[in-house]
Amino acid sequence: MCAQGVTRPGDTSPWPRVPLGGTCRRAHEIERGPDVFVPGSAAPFGGAELVERDGGGRASTREASTLTVSPTTVPETHPLELPDHDPQANTDSDIDETAALAPLQAGAPVRADSPTFAQLGVRDEIVRTLRAVGIERTFAIQELTLPLALAGNDLIGQARTGTGKTLGFGVPLIQRITTGDIVLDGTPRALVVVPTRELCLQVSADLTAAGRDLGVRVLSIYGGRPYEPQIKALARGVDLVVGTPGRLLDLAEQRHLVLGKVRVLVLDEADEMLDLGFLPDIERILRMVPEQRQTMLFSATMPGPIITLARTFLTQPTHIRAEEPDATAIHELTRQFVYRAHAMDKVELLSRMLQARDRGLTMIFTRTKRTAQKVADELTERGFAAAAVHGDLGQGAREQALRAFRSEKVDVLVATDVAARGIDVPEVTHVINYQCPEDEKPYVHRIGRTGRAGRAGVAITLVDWDEETRWKSISDALDLGMPEPAETYSTSEHLFSDLDIPTDSTGRLPLARRTRAGLGAEPSDEAGRPRRTTGIARGVRSAPADSALPPVRRLRRRTRNGESAALSAETAPPAEHPCDHGDVGPRRRRRRSRGRSAGTGEHGSQPRAAG
């Protein structure tokens with residue numbers, strides 16, 4: 001392992017070496033940063049930091065030490081699966097949110113000399129749970145994160161997606177709230193904030209599995225679901241909350257979610273929350289939690305607003321990078337292909353790509369919700385087991401599609417960028433960008449769904465003629481070396497050779513290969529719910545539920561310029577209930593005249609003058 005120490009002049013760390021807040025108002029003192037232990041090193045080391053003390057003794061300056069590590073992998077893998085257990089046994093909740101998610105499992109390659117979780121000081125109960133699924137040694141981000149997090153230090157973890165960040169903060173989070181002087185009294189003691197609902201469910205499932213033997217009650221809180229079950233679960237008591245910013249704020253402001261006892265706070269995928277506009281909500285949540293806490297921030301990139309957020313709310317954090325400083329943002333084991341394709345031929349291209357040899361689960365990304373649904377429908381009509389996930393679907397339909405995808409009842413998931421983060425399915429082998437992403441960030445997050453945790457993957461991007469400029473900017477920003485895509489059609493020979501597609505493949509999946517159960521085989525959690533009534537029929541006044549009287553139709557009154565309103569009110573007979581006359585006859589139709597004024601004559605018309 002190659003480890004580097006704290007930031008020195010000339011380093012590329014984004015952290016300036018000057019105190020915040022302008023001119024210091026009090027005497028400066030030199031304070032040594034938190035000792036940082038690097039596994040395998042002879043001794044811990046720290047960095048000298050210039051700080052300013054406020055009246056309460058809390059350091060106003062929040063500087064960061066920086067650690068980097070270059071991970072290497074070995075080819076051997078040992079996939080195992082978690083024994084059957086009730087995922088809700090520890091949550092005490094009637095929200096079955098993690099039951100259909102993939103269980104915590106091993107199978108990714110790690111270095112043979114990586115330290116084990118037990119060697120880094122993790123509790124035996126957690127070690128046993130991880131060992132039961134074949135997880136014993138740590139990834140690079142976990143190897144550097146665990147010693148600092150277990151000691152209670154603030155930290156910033158920067159690593160590419162799919163490198164094991166969830167257990168990097170989840171294991172120390174569970175251990176810290178179940179040891180020491182912390183009493184689990186049903187009030188949340190740890191809070192994990194994530195940007196998307198899908199990521200919320202995935203993180204909740206991983207933490208529930210990791211803390212199973214310690215009895216940690218985990219609750220996921222996110223939008224698109226009724227408030228009542230989440231409020232009931234909070235009232236019964238939870239120890240760890242994973243949620244999205246909007247719903248967390250709603251329940252906190254309604255005083256159902258108590259954040260006054262939170263001891264550990266985690267911000268996961270902070271850059272994605274910035275892109276989705278959640279930064280103001282994050283700042284409000286940070287002001288609701290106690291000042292004395294441990295804060296861990298994880299992000300794939302470190303844009304300026306995230307740096308400002310970290311320097312404002314974290315205390316002397318250690319900045320950890322789980323790769324070399326010059327490492328690319330894309331996994332080296334992911335093969336990338338880009339083709340210039342016509343919009344009218346893209347579905348034909350997809351149909352042939354999905355028949356490639358050794359293709360596993362596949363994700364297709366589109367820019368718009370309408371395109372995602374259209375592509376999923378067309379692929380289903382051609383014989384592929386496809387499902388869609390986008391914002392126009394209800395939360396129940398989205399979770400149904402994700403469950404079917406994880407259980408491999410469907411092997412093609414068409415999604416918008418809402419699912420670019422939070423879907424951690426190890427069996428995804430291919431990612432296809434049906435439309436060119438807007439810039440390099442969504443491109444990295446999309447193709448990060450494959451090639452996860454040391455596995456190989458294939459990423460394919462289809463670029464239309466009007467998207468060439470956009471693709472060139474992505475290629476230049478990521479140094480891909482593919483600024484001009486090859487013109488490709490569904491019959492192009494290089495398409496079949498690049499992706500190992502059988503030459504006899506057509507635009508439809510052969511009947512012999514249609515072996516998936518399909519989306520319809522996955523039960524929907526909304527199937528048994530009563531349909532919500534939208535109201536009563538127009539013009540009908542509803543009667544009380546216990547009344548035997550039929551509904552009364554509302555009488556409509558017509559007026560002309562307000563002149564006949566008073567007359568109608570004075571001359572209208574008293575209203576009688578239809579039941580007073582026994583059988584209800586047809587309502588008398590009002591006759592309208594074409595006269596110039598109302599009020600004379602039998603039907604409101606002027607008598608014709610004689611002669």
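The values are calculated or read from the model by the stated rules, or taken from the named source; none is laboratory data. Everything quoted here is computed from the prediction, not taken from an experiment. A quick note on method: Cβ atoms are made from the backbone with ideal geometry, for glycine too, and the neighbour counts reach across all protein chains shown. Areas reflect the complete protein model, heavy atoms only, side chains present, ligands, DNA and RNA absent. Shrake-Rupley method; radii C 1.70, N 1.55, O 1.52, S 1.80 Å.
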**Asked** In region 345-373, what count of residues is obtained for those that are assigned to a loop (DSSP other than H, G, I, E, B), open to solvent by less than 50 Å² (accessible area, probe 1.4 Å) and either in contact with a helix residue (DSSP H, G or I) (Cβ under 9 Å, 6 or more places away or on another chain) or without any contact (Cβ under 8 Å) to a residue 60 or more places away in the chain (or both)?
**Response** 5
**Complete:** Being part of a strand (DSSP E or B), over 20 Å from LEU480 (Cβ atoms) and either open to solvent by less than 30 Å² (accessible area, probe 1.4 Å) or touching an Asp or Glu at 6+ places or on another chain (Cβ under 7 Å) (or both) narrows ALA401, ALA376, ALA388 down to just ALA388
**Asked** Can you tell me which of GLN88, GLN142 is part of a helix (DSSP H, G or I), closer than 21 Å to ILE423 by Cα, at pLDDT below 95 and not hydroxyl-bearing (Ser, Thr, Tyr)?
**Response** GLN142
**Complete:** Selection from region 164-176 of residues part of a helix (DSSP H, G or I) and either open to solvent by 10 Å² or more (accessible area, probe 1.4 Å) or among the aromatic types (Phe, Trp, Tyr) (or both) yields LYS165, THR166, LEU167, PHE169, GLN175, ARG176
**Asked** Out of region 483-502, which residues are buried (at least 16 other Cβ atoms within 10 Å of the Cβ) and of a type outside the set (S, T, N, Q)?
**Response** PRO485, LEU495, PHE496, ASP498, LEU499, ILE501
**Prompt:** If we keep just the residues of region 245-289 that are touching a Ser or Thr at 6+ places or on another chain (Cβ under 7 Å) and not aliphatic (A, V, I, L, M), which is nearest to GLY152 (Cα to Cα)?
**Reply:** LYS261
**Extreme residue, modelled with the highest pLDDT, among residues of region 451-476 that are of a type in the set (A, V, I, L, M, F, W, C) and open to solvent by 30 Å² or more (accessible area, probe 1.4 Å)** = TRP465
**Request:** Kindly indicate which of VAL218, VAL241 is closer than 23 Å to PHE313 by Cα, modelled with pLDDT of 95 or more, in contact with a strand residue (DSSP E or B) (Cβ under 7 Å, 6 or more places away or on another chain) and not aromatic (Phe, Trp, Tyr).
**Result:** VAL241
**Message:** Looking at region 247-289 only, could you name the residues that are open to solvent by 30 Å² or more (accessible area, probe 1.4 Å) and within 15 Å of the chain's Cα centre (by Cα)?
**Reply:** LEU274, ASP275, LEU276, GLY277, PHE278
**Asked** What residue, among those in region 223-246 that are free of Cβ contacts under 8 Å to residues at least 60 places away in the same chain and assigned to a loop (DSSP other than H, G, I, E, B), is most open to solvent (accessible area, probe 1.4 Å)?
**Response** PRO226
**Message:** Can you tell me which of (1) at pLDDT 90 or above; (2) of a type outside the set (D, E, K, R); (3) in a loop (DSSP other than H, G, I, E, B) is the one THR179 doesn't meet?
**Reply:** (1)
**Request:** Could you run through region 148-163 and say how many residues are part of a helix (DSSP H, G or I) and touching a Leu at 6+ places or on another chain (Cβ under 6 Å)?
**Result:** 1
**Request:** Using the structure shown, decide if THR315 is open to solvent by 30 Å² or more (accessible area, probe 1.4 Å) and closer than 24 Å to LEU150 by Cβ.
**Result:** yes
**Prompt:** Does any residue in region 307-319 that is at positive phi and assigned to a loop (DSSP other than H, G, I, E, B) come within less than 9 Å, Cβ to Cβ, of a residue that is open to solvent by less than 30 Å² (accessible area, probe 1.4 Å) and at pLDDT 90 or above six or more places away or on a different chain, and which pairs are these?
**Reply:** GLN316/ASP154
